[in-house]
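Participant: The structure that follows is given in the form of structure tokens.
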Amino acid sequence: MTLPLFAIYGASGYGREIMPLARAQLRQQGILSERLVFVDDATEARVVLGHPVLRYTEFMGTEASGRHVALAIADGSVRERLAGRCRSDGVEAWTIVAENVVMLDGIELGEGALLSPFAMLTSNIRIGRHFQANIYSYVAHDCVIGDFVTFAPGVCCNGNVVVEDHAYIGTGAIIRQGKPEKPLVIGRNAMVGMGAVVTRDVPSGVTVVGNPAKPLVK
Ligand code: UDP
């Protein structure tokens, strides 16, 4: 009997954090961890955390009744490229949610999300594809999060905030609450630096740092 195959794409830092969560999730579903591998296009390691590391072509060449991949790479543009490749090869996006994640009401979570331990999503939240919420990050009520958005550890995203596609929010950043009639907007491809306190909209493609957060002048 052929069984499905599950993979964590990226065997580096974040991938190694996601692997134990993936293993626990499969255990809950009664699926053996022998069907769980890493996929990585560059690392020389052949085994990481007891799991084989395959090149993508090896993964595609392994017999399986279905393939499921979690993209555990912090760079959203890399995730988008890999998601496109997986989709066109019929590989399914795999969502991984740590056991202690809190999700309240009315949450729409896009495919391929990775929610690390102690992440919290409260109420009335819409989230796009391949979102990453690293440890201790939260998304509060009435937020809209785009595709390929990345929250590093400890991000505080308060209510009525819109985070557009591909934005990257650094460790410990705090995003001020917006208003129902005028949400605070973090633009597409914007980057919020570690520990920044964002009190107003961030335009697309702009990096902000500091408290209150201001555009980075190099
Ligand atoms: N990677 C890959 N294919 C790609 C891009 C990246 O396999 O097209 C792998 C890369 O070899 C590395 C991991 O993804 O092992 C990304 O790790 P990195 O340390 O850059 O970031 P993080 O783990 O923090 O996301």
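The values are calculated or read from the model by the stated rules, or taken from the named source; none is laboratory data. Keep in mind it's a predicted model, so treat the numbers as computed, not measured. Every residue, glycine among them, receives a Cβ derived from its backbone with ideal geometry; neighbour counts consider all protein chains shown. To get the accessible areas, we keep the full protein, side chains included, count just its heavy atoms, and leave off ligands, DNA and RNA. Shrake-Rupley method; radii C 1.70, N 1.55, O 1.52, S 1.80 Å.
Participant: For the subset of segment 8-36 comprising residues that are basic (Lys, Arg) and more than 10 Å from the ligand (Cβ to nearest atom), which member is least open to solvent (accessible area, probe 1.4 Å)?
Facilitator: Within segment 8-36, the first condition is being basic (Lys, Arg), and the residues that meet it are 16, 23, 27, 35.
Subsequent filtering for residues that are more than 10 Å from the ligand (Cβ to nearest atom) retains 23, 27, 35.
On the way: 23: 69, 27: 162, 35: 51 Å².
Here the residue is 35.
Participant: Give the residues of segment 130-141 that are surrounded by fewer than 21 Cβ atoms within 10 Å (Cβ to Cβ) and in a loop (DSSP other than H, G, I, E, B), sorted by residue number. Explain how you work it out, then say what you get.
Facilitator: From segment 130-141, those surrounded by fewer than 21 Cβ atoms within 10 Å (Cβ to Cβ) are 135-136, 138, 140-141; that's our starting set.
If the condition is that a residue be surrounded by fewer than 21 Cβ atoms within 10 Å (Cβ to Cβ) and in a loop (DSSP other than H, G, I, E, B), then 135, 136, 140, 141 are the ones that fit.
Participant: In addition: Using beta carbons and a limit of 7 Å, which pairs, at least six apart or on different chains, have the first residue in segment 38-57 and under 19 Å from residue 90 (Cβ atoms) and the second one near the ligand (Cβ under 9 Å from one of its atoms) and among the aliphatic types (A, V, I, L, M)?
Facilitator: 54/39; 56/39
Participant: Among (1) under 26 Å from residue 141 (Cβ atoms); (2) within 16 Å of the ligand (Cβ to nearest atom); (3) open to solvent by 60 Å² or more (accessible area, probe 1.4 Å), where does residue 115 come up short?
Facilitator: Exception for residue 115: condition (3).
Participant: Which residues, taken from segment 37-56, are away from the ligand (no atom under 12 Å from the Cβ) and open to solvent by 40 Å² or more (accessible area, probe 1.4 Å)?
Facilitator: Residues of segment 37-56 that are away from the ligand (no atom under 12 Å from the Cβ), as a first pass: 37, 46-47, 49-52.
Answer for segment 37-56, where residues must be away from the ligand (no atom under 12 Å from the Cβ) and open to solvent by 40 Å² or more (accessible area, probe 1.4 Å): 46, 47, 49, 50, 52.
Participant: If I ask for residues that are open to solvent by 90 Å² or more (accessible area, probe 1.4 Å) and closer than 19 Å to residue 133 by Cβ, which ones from segment 170-187 would you list?
Facilitator: Filtering segment 170-187 down to residues open to solvent by 90 Å² or more (accessible area, probe 1.4 Å) leaves 176-177, 179-182.
Answer for segment 170-187, where residues must be open to solvent by 90 Å² or more (accessible area, probe 1.4 Å) and closer than 19 Å to residue 133 by Cβ: 176, 177.
Participant: Here's a follow-up. If you scan segment 85-95, which residues turn out to be surrounded by fewer than 17 Cβ atoms within 10 Å (Cβ to Cβ) and under 16 Å from the mean Cα position of the chain (by Cα)? Break it down into steps so the answer makes sense when it comes.
Facilitator: First pass over segment 85-95, keeping only residues surrounded by fewer than 17 Cβ atoms within 10 Å (Cβ to Cβ): 85, 87-90, 92.
Hit for segment 85-95 is 92, nothing else.
Participant: Still on this structure, please answer the following. Under 7 Å between Cβ atoms, at least 6 apart or on separate chains: pull out the pairs that start in segment 62-82 with a residue that is more than 16 Å from the ligand (Cβ to nearest atom) and end on any residue that is among the β-branched types (Val, Ile, Thr).
Facilitator: These pairs meet every condition: 63/2; 64/2; 65/2.
Participant: Could you list all residues from segment 74-127 that are in a loop (DSSP other than H, G, I, E, B) and within 19 Å of residue 158 (Cβ to Cβ)?
Facilitator: So in segment 74-127, the residues in a loop (DSSP other than H, G, I, E, B) come out as 74-75, 89-91, 94-95, 98-101, 104-106, 110-113, 116-119, 122-124.
The answer is 101, 104, 105, 106, 118, 119, 122, 123, 124.
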